[in-house]
1. Of the conditions (1) in contact with a Leu (Cβ under 9 Å, 6 or more places away or on another chain); (2) closer than 18 Å to Arg35 by Cβ, Leu59 clears all except one; give me its number.
2. Based on this model, can you work out whether Leu84 counts as open to solvent by 70 Å² or more (accessible area, probe 1.4 Å), under 21 Å from Gln14 (Cα atoms) and aliphatic (A, V, I, L, M)?
3. Select from the range 52-81 the residues that are over 20 Å from Leu12 (Cα atoms) and open to solvent by 80 Å² or more (accessible area, probe 1.4 Å) and list them in ascending order.
4. Would you pick out the residues in the range 38-51 that are within 19 Å of Leu18 (Cβ to Cβ) and open to solvent by 20 Å² or more (accessible area, probe 1.4 Å)?
5. Thr62 passes all but one of (1) closer than 21 Å to Val96 by Cβ; (2) among the β-branched types (Val, Ile, Thr); (3) at pLDDT 90 or above; which number fails?
6. Of everything in the range 5-36 that's modelled with pLDDT of 95 or more and under 20 Å from Lys69 (Cα atoms), which residue is least open to solvent (accessible area, probe 1.4 Å)?
Amino acid sequence: MASSKEYLAFILDQFSELEEMSYRPMMGEYILYYRGKIIGGIYDNRLLLKPVKVIMDQLGQTRLERPYKGAKEMILLEDLEDKLFLERLIKEMYEVLPVPKVKKKA
């Protein structure tokens, strides 16, 4: 099942305080970026974030789910109402995520 544009709009609204938030459609789902780094995605109308330690520590009890069969587990973020908490979470996550690798042209 593909994610709806309405759910994407809701998630983007929740992240509206983050100026450099962007997304890319990918086979009916959406990959989410903050300042050029992949932070997670929207899969089957679920917000899934990369499982970085700083996030897992803050959330305490985390539920891990796979975005699709064969994928690595990601953090299912279910409490989406507190915009300030989400903003802080993403900013802290950004600090520990690796810099994206530059693709070499063939």
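1. (2)
2. Taking the combined requirement at face value, the residue satisfies it.
3. Lys53, Asp57, Gln61, Arg63, Arg66, Tyr68, Lys69, Lys72, Glu73
4. Ile38, Lys50 - these are the residues of the range 38-51 that are within 19 Å of Leu18 (Cβ to Cβ) and open to solvent by 20 Å² or more (accessible area, probe 1.4 Å).
5. (3)
6. Applying the filter and picking the extreme gives Leu32.
Results for (1) out of contact with any His (no Cβ under 6 Å at 6 or more places or on another chain); (2) over 19 Å from Ser4 (Cα atoms); (3) part of a helix (DSSP H, G or I), shown as yes or no for each residue.
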position	(1), (2), (3)
Gly40	yes, no, no
Ile55	yes, yes, yes
Gly70	yes, yes, no
Ile75	yes, yes, no
Glu81	yes, no, no
Phe85	yes, yes, yes
Met93	yes, yes, yes
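The values are calculated or read from the model by the stated rules, or taken from the named source; none is laboratory data. None of these values were measured; they are calculated from a predicted model. Cβ atoms come from the backbone with ideal geometry, glycine included; neighbour counts cover every protein chain shown. When the accessible area is computed, the model is the full protein with side chains, heavy atoms only, and any ligands, DNA or RNA have been set aside. Shrake-Rupley method; radii C 1.70, N 1.55, O 1.52, S 1.80 Å.
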